[in-house]
């Protein structure tokens, strides 16, 4: 198993600062190549959202560097991954929350993390950034933790109504805003010739799943530059469609 990777982030057509943050880390381990990919979408006045997202990225990067070497030898890898990531995220949540209380500001960030190891993927998710898997078809691997997504799930509004609902960006939880967070974990098998895509909501609001599937079919991507070119073109398309938010994407092809 090996990776092709690419990322792209853009401030967008309206905002003056980019409060998104990304992490791509790969390593060789006894379990084979390991990849950690994270998208964070910060929120808060001035540079506070940028601080929140960067804090999570730095914390998770440090976690990967210090804990993954040990975990790679663990006989109880899966159980430990969940507990270790949850512990790290709660510590980062407390850190951001305390900063906000001390500085008297409100700030927070989404966090969607994808860990690929030993032909399996593990997702840790808070907020409304997304993870997709593209192989023979496209599948959304995360559930948006928003008021609108909850209302759709309850049958109170339709998917079409959700797209224009004024509560579209109201989160049920994010990192750094409340004392308690609940990390949503999921997992699955990794097949060769699969593309994983992580993105902030500034990307997916103005792009269709059909377009993502068409442009990122694994068979059309054979090197890092091709993957980079494809996501850059998709971000340009999102801007043409007048998305006003920051736009960030990570793509990783497993082959």
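Every number here is computed from the coordinates shown, using simple stated rules; none is lab data. As the structure is a computational prediction, the values presented were derived from the model and not from experiment. In this analysis, Cβ positions are derived from the backbone assuming ideal geometry, glycine residues included, and neighbour counts consider all displayed protein chains.
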Practice problem: As a check on your grasp of the helix formula, calculate [θ] at 222 nm for the chain: sum -39500 (n - 2.57) over DSSP H runs of n ≥ 4, divide by the residue count, round to the nearest 500. | Solution: -11500 deg cm²/dmol
Practice problem: Any chance you could run the full-extension gain for residue 140 through residue 154? It's 0.36 nm times the residue separation minus the Cα-Cα distance, nm to one decimal. | Solution: 3.2 nm
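Which order results if 159, 215 are arranged by neighbouring Cβ count within 10 Å, fewest first?
Listing 159, 215 from fewest to most nearby Cβ atoms yields 159, 215.
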Self-check item: Per-residue Cβ neighbour rank within 10 angstrom, fewest leading, 10, 144, 65
Solution: 65, 10, 144
Quiz item: Relative contact order for region 128-252: what is it in percent, counting Cα pairs under 8 Å that are at least 6 residues apart?
Solution: 31
Quiz item: Normalised by the number of residues in region 76-157, what is the relative contact order in percent for Cα pairs under 8 Å and 6+ residues apart?
Solution: 16
Quiz item: Label-point separation (nm) for residue 29 and residue 16, each offset 7 Å from Cα along Cα-to-Cβ?
Solution: 4.3
Quiz prompt | Cα→Cβ-extended label distance, 7 Å offset, between residue 164 and residue 1, nm | solution = 4.4
Exercise. Whole Å is fine, so just give me how far the alpha carbon centre of region 59-126 lies from that of region 193-255.
Key: 25
Exercise. Using a Förster distance of 51 angstrom, determine the FRET efficiency expected from the C-beta separation of residue 229 and residue 47, and round it to 0.05.
Key: 0.95
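Going by average Cβ density within 10 Å per residue, which order do the peptides 201-211, 48-58 take, highest to lowest? The partial results should precede the final answer.
Working: 201-211: 18.5, 48-58: 23.6.
Ranked by mean Cβ neighbours within 10 Å, highest first: 48-58, 201-211.
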Quiz item: Spin-label point model (7 Å from Cα, Cβ direction): what's the residue 80 to residue 242 distance in nm?
Solution: 5.3
Self-check item: Of (i) 18.0; (ii) 18.5; (iii) 19.5, the label for Kirkwood radius over Cα pairs in Å derived from the coordinates
Solution: (ii)
Exercise. Rank these for me by crowding, 199, 88, 174, going from fewest to most other beta carbons within 10 Å.
Key: 88, 174, 199
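With r defined as the distance between the Cβ atoms of residue 119 and residue 222 and R0 fixed at 25 Å, what FRET efficiency is calculated, to the nearest 0.05? Let's see the in-between values first.
Working: r = 21 Å, r/R0 = 0.85.
Calculated transfer efficiency: 0.75.
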Quiz item: Hey, what did the chain get for relative contact order, percent, Cα under 8 Å, at least 6 apart?
Solution: 29
Practice problem: Whole Å is fine, so just give me how far the alpha carbon centre of region 134-189 lies from that of region 30-49. | Solution: 18
